[in-house]
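Enquirer: Mind looking over this structure? Questions follow.
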Amino acid sequence: MPVDLSDESQYDRARLRQWARGRARSAGVDRRDLLTLFAAGAAAAAPLSLTAAETAGAAPRTGPVTPAAPTAAAAPGIVKPLPPELFTLRGTNAETNFEALRGTGHLTPLDRFFVRNHTSTPRLDPADWRLTVWGDALPEGHGPVEFSYDALRRLPAVERTLFIECAGNGRSFYTTQQGQTVTGTAWTLGAIGVARWRGARLSDVLRKAGVTRRAVDVLPRGLDDEVVANGVNLGRVRRPLPVSKAFDDVILAYEMNGEPLPADHGGPVRVVVPEWIGISSVKWVGDIEVSARPLYTPWNTDLYRLFGPEHPPQGSAPLTRQTLKSAFELRPGATVPAHRPHLLTGRSWSGAAPVHRVEVSTDGGTHWRRARFHDAPRRGTWVRWSVPWTPRTAGPTALLARATDTTGRTQPSKAVHNTQGYLFDAVVRHPVTVV
Ligand code: MTE
């Protein structure tokens, strides 16, 4: 029976079978190298390093998870300023401090949008930039088709407010809250931002390039440096999209919050894949392969899948949609004065559907109150909420926020472990001290 690749779950299962049988084609990396990495899985990679304070559940931000920057200087390879009140540096990445979002409105200002770079931000001139569409799903005898920046801007523009969130957002809580070992960047909850993206539809570009019905996968590739991991050159960042998603709602964005797309966020042009894990939204896109055969790259084989005892022995299907999370706009470990009214604020989001309800507990999870929404809940973005709180008892306590989306899914008290710490969805215990 032919597989309907327009159905996401069928796509995932089909791709998983093809990968397991070696039928998917490697896009630029030797399959043996991939299998080596794949077998090593997360087990061989260095586990998340956390301080004793982090392990005990105190504010994870204080620990040397990544070398601390002495000043507001940029992290290696990031162009924009990264003042410590807005960001926590983690290797080549910068995490948004959630408390820096308090009072900022629905969109994340560009000066505090998190940055996740596998290598470093390239400086690209829009005048020289070209997008090349190529591959065996173009008509027979058809060479690559090129689009300039101006040609892309002449196509009908679309605008959407969408989050981009790293699949590993919340990863550190597998360790600090659940006592489990995971590998990767020790994000707390700030590897997410919401922006108003403006750009051309990927579907318009693919149609203009003449993509045929033979197309199965679409592979955007970044112009940043090649990624070397554990001594293996993985090539440039690229992750296949099923043609169904590519033709559905994917944007080639050249503006973010009304500004030309900043260098750190993929300027001059990036892919924005609504509701899917951040790695799908390839920055600095330079070419797109359209393939009549399934493709695999490190980013949909050994990376961005779920491995571990609670998952199939060969790993899960490649990850697609984001999960459900909530965060307070408050510094972990903050002190709050007793007997004075305080407004707790935060944000919740889901990759599956609009957020339906958020409940907040100020006593470690015994009592829950419904939060008031400050946005109409919408797909692909977060909802801001608040709850008034007048603490009565001095001492340490934990604040909890728990979201339910319109599919009926509620954040659990424990996330299902996977070795690379993806898709953490459990309610996070946010430590504060009432004084
Ligand atoms: N695209 C390229 N070319 N290189 C990268 O390192 N990182 C990915 C994705 N696209 C990445 C990329 C990851 S893992 C995430 S979470 C998002 O970009 C982060 O987007 P941002 O840095 O604009 O927040």
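The values are calculated or read from the model by the stated rules, or taken from the named source; none is laboratory data. The shown structure was predicted, so the numbers you read here are calculated from the model rather than taken from an experiment. So basically every Cβ, Gly included, is an ideal-geometry build from the backbone, and we count neighbours across all protein chains shown. Protein only, heavy atoms only, side chains kept; ligands, DNA and RNA dropped before computing areas. Shrake-Rupley method; radii C 1.70, N 1.55, O 1.52, S 1.80 Å.
Enquirer: Which of the following residues is more than 22 Å from LEU162 (Cβ to Cβ), in the same structural domain as ALA263 (by TED's automatic domain parsing), hydrophobic (A, V, I, L, M, F, W, C) and within 16 Å of the ligand (Cβ to nearest atom): VAL182, VAL218? Outline the logic, then answer.
Expert: Details: VAL218 fails: more than 22 Å from LEU162 (Cβ to Cβ).
Result: VAL182 is the single residue among VAL182, VAL218 that is more than 22 Å from LEU162 (Cβ to Cβ), in the same structural domain as ALA263 (by TED's automatic domain parsing), hydrophobic (A, V, I, L, M, F, W, C) and within 16 Å of the ligand (Cβ to nearest atom).
Enquirer: A further question follows. Considering each of THR362, THR410, THR404, THR419 in turn, give the residue that is touching a strand residue (DSSP E or B) at 6+ places or on another chain (Cβ under 9 Å), under 30 Å from THR297 (Cβ atoms) and of a type in the set (Ser, Thr, Tyr).
Expert: Details: THR362 fails: under 30 Å from THR297 (Cβ atoms); THR410 fails: under 30 Å from THR297 (Cβ atoms); THR404 fails: under 30 Å from THR297 (Cβ atoms).
So the residue among THR362, THR410, THR404, THR419 that is touching a strand residue (DSSP E or B) at 6+ places or on another chain (Cβ under 9 Å), under 30 Å from THR297 (Cβ atoms) and of a type in the set (Ser, Thr, Tyr) is THR419.
Enquirer: For segment 222-229, check the following and say yes or no: at least one residue is more than 16 Å from the ligand (Cβ to nearest atom), open to solvent by 10 Å² or more (accessible area, probe 1.4 Å) and over 16 Å from PRO126 (Cβ atoms). Lay out the reasoning, then the answer.
Expert: First, the residues of segment 222-229 that are more than 16 Å from the ligand (Cβ to nearest atom): none.
The answer is no, given that none of the residues of segment 222-229 is more than 16 Å from the ligand (Cβ to nearest atom), open to solvent by 10 Å² or more (accessible area, probe 1.4 Å) and over 16 Å from PRO126 (Cβ atoms).
Enquirer: I'd like the residue in segment 262-292 that is within 18 Å of ASP204 (Cβ to Cβ) and among the aliphatic types (A, V, I, L, M) and, out of all such residues, is farthest from the chain's Cα centre (by Cα).
Expert: Among residues in segment 262-292 that are within 18 Å of ASP204 (Cβ to Cβ) and among the aliphatic types (A, V, I, L, M), the one farthest from the chain's Cα centre (by Cα) is VAL290.
Enquirer: Checking the condition at pLDDT 95 or above and under 19 Å from VAL273 (Cα atoms), which residue from ALA137, ALA157, ALA127 passes? Walk me through it before giving the result.
Expert: Values: ALA137 fails: under 19 Å from VAL273 (Cα atoms); ALA127 fails: under 19 Å from VAL273 (Cα atoms).
That would be ALA157, the only listed residue that is at pLDDT 95 or above and under 19 Å from VAL273 (Cα atoms).
Enquirer: Next question, about the same structure. Is it the case that some residue within segment 275-283 is open to solvent by 10 Å² or more (accessible area, probe 1.4 Å), at negative phi and part of a helix (DSSP H, G or I)?
Expert: yes
Enquirer: Now, a different point. Out of ARG331, ARG347, which single residue is buried (at least 20 other Cβ atoms within 10 Å of the Cβ) and either away from the ligand (no atom under 14 Å from the Cβ) or more than 19 Å from the chain's Cα centre (by Cα) (or both)?
Expert: Working: ARG331 fails: buried (at least 20 other Cβ atoms within 10 Å of the Cβ).
Exactly one residue qualifies, and that residue is ARG347.
Enquirer: Just to be sure before I move on: is ARG340 within 23 Å of the chain's Cα centre (by Cα), surrounded by fewer than 19 Cβ atoms within 10 Å (Cβ to Cβ) and not small (Gly, Ala, Ser) in the structure I sent? Even if it seems obvious, please write down each step before you answer.
Expert: On the way: within 23 Å of the chain's Cα centre (by Cα): no; surrounded by fewer than 19 Cβ atoms within 10 Å (Cβ to Cβ): yes; not small (Gly, Ala, Ser): yes.
Against the criterion (within 23 Å of the chain's Cα centre (by Cα), surrounded by fewer than 19 Cβ atoms within 10 Å (Cβ to Cβ) and not small (Gly, Ala, Ser)), ARG340 does not qualify.
Enquirer: Another question, then. Do we find a residue being of a type in the set (S, T, N, Q) and crowded, with 21+ Cβ neighbours inside 10 Å anywhere in segment 99-112?
Expert: Start the filter on segment 99-112 by keeping residues that are of a type in the set (S, T, N, Q), which leaves 104, 108.
From the residues that got through so far, the ones that are crowded, with 21+ Cβ neighbours inside 10 Å too are 108.
For segment 99-112, residues of a type in the set (S, T, N, Q) and crowded, with 21+ Cβ neighbours inside 10 Å: present.
Enquirer: Does THR175 fit the bill of being surrounded by fewer than 23 Cβ atoms within 10 Å (Cβ to Cβ), modelled with pLDDT of 95 or more and within 16 Å of the ligand (Cβ to nearest atom)?
Expert: Details: surrounded by fewer than 23 Cβ atoms within 10 Å (Cβ to Cβ): yes; modelled with pLDDT of 95 or more: yes; within 16 Å of the ligand (Cβ to nearest atom): no.
No; evaluated as a whole, the condition is false for this residue.
Enquirer: Next question. Whether any residue in segment 190-205 is within 17 Å of the chain's Cα centre (by Cα), outside the structural domain of TRP349 (by TED's automatic domain parsing), of a type in the set (Phe, Trp, Tyr) and away from the ligand (no atom under 13 Å from the Cβ) is what I want to check. Walk me through how you get there before you give the answer.
Expert: Of the residues in segment 190-205, the ones within 17 Å of the chain's Cα centre (by Cα) are 190-197.
Narrowing further to those that are outside the structural domain of TRP349 (by TED's automatic domain parsing): 190-197.
Among the residues that remain, those that are also of a type in the set (Phe, Trp, Tyr) are: 197.
Narrowing the set further to residues that are away from the ligand (no atom under 13 Å from the Cβ) leaves none.
No, the conditions are met nowhere in segment 190-205.
Enquirer: Also: I'm trying to understand the selection: among the residues of segment 263-312, which are basic (Lys, Arg) and more than 9 Å from the ligand (Cβ to nearest atom)?
Expert: In the first step, residues of segment 263-312 are kept if they are basic (Lys, Arg); the result is 270, 283, 293, 305.
ARG293, ARG305, listed by residue number.
Enquirer: Now for a different question. Only residues that are open to solvent by 80 Å² or more (accessible area, probe 1.4 Å) and either within 16 Å of the ligand (Cβ to nearest atom) or free of Cβ contacts under 8 Å to residues at least 24 places away in the same chain (or both): list them for segment 145-171, please.
Expert: Across segment 145-171, the qualifying residues are GLU146, ASP150, ARG154.
Enquirer: Moving on. Against the condition in contact (Cβ under 8 Å) with a residue 40 or more places away in the chain, assigned by TED's automatic domain parsing to the domain that holds ARG130 and crowded, with 24+ Cβ neighbours inside 10 Å, how does ALA246 come out, does it pass?
Expert: Numbers: in contact (Cβ under 8 Å) with a residue 40 or more places away in the chain: yes; assigned by TED's automatic domain parsing to the domain that holds ARG130: yes; crowded, with 24+ Cβ neighbours inside 10 Å: yes.
Yes, satisfied.
Enquirer: Let me ask you something else. Do we have THR88 as under 21 Å from ASN169 (Cα atoms) and open to solvent by 20 Å² or more (accessible area, probe 1.4 Å) here?
Expert: Numbers: under 21 Å from ASN169 (Cα atoms): yes; open to solvent by 20 Å² or more (accessible area, probe 1.4 Å): no.
Criteria not met by THR88.
Enquirer: A further question follows. Quick one: in segment 249-268, which of the residues that are small (Gly, Ala, Ser) and open to solvent by less than 30 Å² (accessible area, probe 1.4 Å) is farthest from THR161 (Cα to Cα)? Can you show your working first?
Expert: Step one: filter segment 249-268 for residues small (Gly, Ala, Ser), giving 253, 258, 263, 266-267.
Next, only the ones that are open to solvent by less than 30 Å² (accessible area, probe 1.4 Å) stay: 253, 263, 266-267.
Details: ALA253: 12, ALA263: 19, GLY266: 17, GLY267: 18 Å.
Within segment 249-268, the match that is farthest from THR161 (Cα to Cα) is ALA263.
Enquirer: So, one more: Taking the conditions exactly as written (farther than 19 Å from GLU99 by Cα and either within 15 Å of the ligand (Cβ to nearest atom) or buried (at least 24 other Cβ atoms within 10 Å of the Cβ) (or both)), does VAL211 satisfy them or not?
Expert: On the way: farther than 19 Å from GLU99 by Cα: yes; either within 15 Å of the ligand (Cβ to nearest atom) or buried (at least 24 other Cβ atoms within 10 Å of the Cβ) (or both): yes.
So VAL211 fits the description; yes.
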